[in-house]
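Visitor: Here it is, the structure, as structure tokens.
Here, each number is a calculation from the coordinates, and none is a lab measurement. Just so we're clear, the structure is a prediction, and the values are computed from it rather than from any experiment. Note that we place each Cβ from the backbone using ideal geometry, even for glycine, and neighbour counts take in every protein chain shown.
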Amino acid sequence: QVQLVESGGGLAQAGGSLRLSCAASGRTFSSYTMGWLRQVPGKEREFVAAIRWSDSTTYYKGSVKGRFTISKDNANNTVYLQLNSLKPEDTAVYYCAASTWRRPISAYEYAYWGQGTQVTISS
């Protein structure tokens, strides 16, 4: 019932920036929390950032706090992740996801997923 499509990934140098977008469709998201999660080969999919649609409360993984910013555009049902001060360890496939939980900080708490967009950071 919810469709999510990510875009904006690519190659960037360490210290550079990227902006990821997630276009959502299918239903209203007023009762959802929208998140960005990432995964590298051989690792678990990990939480990066989330934002509540209802009150715009945000949550971040500790290692990205101060570097990444999650935001949303209600009129266009779009969620963004601004990636600044990028590091090689940020390299991963980034996924947009939606959860019915208020503070989902695990991949297990998300019910809807996009297909992902590759982010590669070179040193």
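Visitor: Of everything in the range 98-108 that's farther than 18 Å from residue 54 by Cα and not polar (S, T, N, Q), which residue is nearest to the chain's Cα centre (by Cα)? Quick ask: steps written out before the conclusion?
Guide: Within the range 98-108, the subset farther than 18 Å from residue 54 by Cα is 106-108.
Still in the list and also not polar (S, T, N, Q): 107-108.
Details: 107: 11, 108: 15 Å.
Checking each candidate, the answer is 107.
Visitor: Return the total of residues in the range 1-34 being assigned to a strand (DSSP E or B) and not β-branched (Val, Ile, Thr).
Guide: Looking only at that region, the number is 17.
Visitor: For residue 11, are the conditions met, namely being farther than 23 Å from residue 103 by Cβ and either in contact with a strand residue (DSSP E or B) (Cβ under 6 Å, 6 or more places away or on another chain) or of a type outside the set (Lys, Arg) (or both)?
Guide: yes
Visitor: Hey, another quick one. Wholly within the range 53-123, which strands (runs of 3 or more DSSP E) include no fewer than the required count, namely at least 1 residues that are surrounded by fewer than 18 Cβ atoms within 10 Å (Cβ to Cβ) and without any contact (Cβ under 8 Å) to a residue 12 or more places away in the chain?
Guide: Hits in the range 53-123: 68-73.
Visitor: Could you check the range 10-27 and list, in sequence order, the residues that are over 21 Å from residue 110 (Cα atoms) and either crowded, with 16+ Cβ neighbours inside 10 Å or among the hydroxyl-bearing types (Ser, Thr, Tyr) (or both)?
Guide: 12, 17, 18
Visitor: Just the residues that are surrounded by 14 or more Cβ atoms within 10 Å (Cβ to Cβ) and touching a strand residue (DSSP E or B) at 6+ places or on another chain (Cβ under 6 Å), please, taken from the range 28-45.
Guide: 32, 33, 34, 35, 36, 37, 38, 39, 45, listed by residue number.
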